[in-house]
Amino acid sequence: SKRRILVPASKAMEAPAVDLDASSGSHGIAAAVLASLRSRNNMAGLLSSPGDIEQAHADMELLRASEPLANGLHSARENLEMLFALEECTGDPDGDDAWHARWVLAALCAALPLLVNVLPRDHQGTCVVPHPHELKKTVVPPNKKRISPTGSDYYESQRACDNCEDPISERIYWSCGAEKPSGGVCSVDFCSRCYEEMQALFATCSIENAKWAVRFINAVANYVLKNMPPSARRLLVRQLAFEFPLPMFRSLVQVVVDVTDASVVHIEDNIEGVADFSDFWHTVGFMELLHSANLLPTTEQRGGQAFQEGARLLGDSFLLLGLDKCEAHADWMRWKALSNEGGEEEEQADLGGSNLLSSMPFRVDSRFTCFLAHSGFVPRAFLRKSVQYDAGPWGSDYRTLEFRRESLHDDTLANLGYCFEQGQSVRLIGVHRTPELNGKEGELDTFDQQKGRWTVSLKQNDSDKTYSLRPVNLEHVDADNVTALLRRLVDPRFAGENGMGPGVHREFYQLALQTLVLNKEFWEYSDEVRTYWFSDSTGPEAISAARAMGAILGNAIRMDVLLPAVFPEPLYALLLRGLGSTTVGPWSLADLRKVNPHFARSFEQLMEYDQDDVASLFTLEWPRSNELEDLPREARGSYVQAYVDWFFDVRFELKVRALVQGFKAVLGLCQVLQKLVSVEQFGQILSGVEEPVDVAAIRRKATEVGWQSG
């Protein structure tokens, strides 16, 4: 069998196509592949058809698998790095967008096999690379020795490890201290344990190859953001979104994430000169372009498609787990200060809080150096902390409420749903025995928790008269009273019990959530997706239950309580929309599928049905159901979209409004939720992510005091 390696002609060099059979050996393949890496023109011409993307990748895979070709691999790495290091454009003198995007894409195809699984991983699965400067052994003076309350010896170094974040308590640690180009010194420190673990990892891999991977990705990022015209950057994003094969796209994202993740620990994030780490921030910018390519299929419907596609990869593929080693509060403070400044820069931002797709060249500014500006990469724990910081501190403005375990449903509705309080003005509604009282106004006196009734004083003929009424027969005269009451955080207690604090909070919010969703009058359960959605009931009690649910979700996030994942993502989208979020896109059939897959499949069949008798086969109950009989086939797509919009925005409007009211009262001022958090991230902030317990990590962090293991 024969392989044909395509080596396009270059203005600077003629390299003919080479036919290679099995007998010609790997050296011929190496020569052919390496020849195409010698100029940008060669790389641009390498991708003359869509299939050439995978061909270029396969050729380099073959080269890497050839054991005798160590020199060839070294030359390939050098040539690839030089392609991006060149300052002068060696190709199309007009700087054609297609040329720029084509040669960069070809270079990425060729480099990818040399980048995959090059960086070593620590025990947490995070990639690591050596610190760029020499680390020096530092010894804490003997007079800094202290004794802890448990009787253990430790040294007061007044330093913290930049890898594990723990205070350095050993006598020996490793510090940098190298001078930085912008002035000052690098203050990165590692405790002895982390230093020794990393040295052991580096001994198992090729440090030269690992360093090259970091340099190469940095070089690509610098070229794309500083040398490529913005229009070429946008074209590159489109080609990565629609032409780059999915397995290769997944590998490229993994490589760039690994390089960025490994570099996080080596930058000083809590200093004024954080922008000095320009290679790191340009690589983050390149990650933003990849993230944009990942989401691009979700924002447009291409020709011949009935529906929009989903994202190419799950959002978790872009997480920089190394950010958990950084200070979330300090980053939030910087982001908050810049957000409050606002201004024209924020309005014109496209990616990463900056004008990544429109500036030439791109310059790293203070807004771009906030990790929160890259919210798609921020780990959920980091993001959750930022939401809690942004929601405001615990103060004296909270309510201590008592709940009976045996009547938790009723007490939850009374305290968090109806939101009545002594002294409020109310109006009577729905009273059947004495209907003449309906519409009259009075004042709330006392609440009988056992009977679930309020004593209301009504003014009649200049004299007060009291009535005992259920909350369902009362409404607020001033609707702002509801928001004012819900805004105060809830400190729950259980009747007859002395417990208080975080443990009680966790138990209450989880039980309150459970007792509300199990009421079939308020929520409907789907066996297919195993989540709850609104029922069609719209009575006062159902509306109050939705408001109480919103308050429970808001308070749980504010008080750092994780709740079970019992709702589909569209409910989170409704909450974010209610806050005025800028991250939630338009409704789609994919959203309906997450609520009712059976119904969504029916609409897909409607779109694909090739006959005209659709009205007899597909029956819908909504205001425009009569249009289906005369609906042209080409109009079915817009008809289905209109139904989806109606389903989410109109059908459950009263309940959604109450749900948002309860949630917004607690977290309505949180700009992190409004500007940064996606629907997927919101669900993970609320319910966390299921992961197995890392017993090995617990053992590594455990300290044995006063006993010895057998």
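The values are calculated or read from the model by the stated rules, or taken from the named source; none is laboratory data. Not measured: the values here are computed from a predicted model. Ideal geometry is used to build each Cβ from the backbone, glycine not excepted, and the neighbour counts take in all protein chains shown. Protein only, heavy atoms only, side chains kept; ligands, DNA and RNA dropped before computing areas. Shrake-Rupley method; radii C 1.70, N 1.55, O 1.52, S 1.80 Å.
Structure values in brief
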| quantity | calculated |
| --- | --- |
| Chymotrypsin sites (Phe, Trp or Tyr not before Pro) within the range 187-282: DSSP coil, no more than 15 neighbouring Cβ in 10 Å | none |
| Accessible surface, the range 618-675, averaged per residue in Å² (probe 1.4 Å) | 49 |
| Heavy-atom accessible surface of the range 521-576: percent carbon and sulfur, 1.4 Å | 45 |
| Cβ-derived FRET efficiency at R0 51 Å, GLU61 paired with ASP445, nearest 0.05 | 0.05 |
| Carbon plus sulfur fraction of accessible area for the range 158-262, probe 1.4 Å, in percent | 50 |
| Total formal charge among the other residues, if their Cβ is under 13 angstrom from that of LEU631, Lys/Arg +1 and Asp/Glu -1 | -3 |
| Under 12 Å, Cβ to Cβ, from ARG427 - net charge with Lys/Arg +1 and Asp/Glu -1 | -3 |
| Rounded to whole Hz, the Karplus (6.51, -1.76, 1.60) HN-Hα couplings of the range 613-629, x for glycine and proline | 8, 5, 4, 7, 9, 10, 10, 10, 10, 6, x, 10, 5, 6, 6, 5, 5 |
| 1.4 Å probe accessible area per residue over the range 479-559, in Å² | 43 |
| Cα centroid of the range 319-338 to Cα centroid of the range 395-466, whole Å | 45 |
| Low-density loop cleavage sites - trypsin sites (Lys or Arg not before Pro) in the range 555-639, where at most 16 other Cβ are within 10 Å (DSSP) | ARG624 |
| Cα-projected label distance for THR538 with VAL477, points at 7 Å along beta-carbon direction, nm | 2.8 |
| For TYR155, distant residues with modelled amide H under 5 Å away | ARG146, GLU170 |
| Amide proton proximity set for LEU489, modelled H, under 5 Å, gap of 5+ | ARG399 |
| Residue-normalised accessible area of the range 235-294, given per residue in Å² at a 1.4 Å probe | 29 |
| Karplus (6.51, -1.76, 1.60) ³J(HN,Hα), θ = phi - 60°, over the range 652-661, in Hz, Gly and Pro reported as x | 10, 4, 5, 5, 4, 4, 5, 4, 5, 4 |
| Relative packing of peptides 375-382, 578-585 - highest average C-beta neighbours within 10 Å first | 375-382, 578-585 |
| Label-zone membership for the range 433-454, site GLU406, 7 angstrom Cα→C-beta point, backbone N under 18 Å | 448-453 |
| Under-5 Å amide H pairs with PHE403, H placed in peptide plane, nonlocal only | ARG493, PHE494, ALA495 |
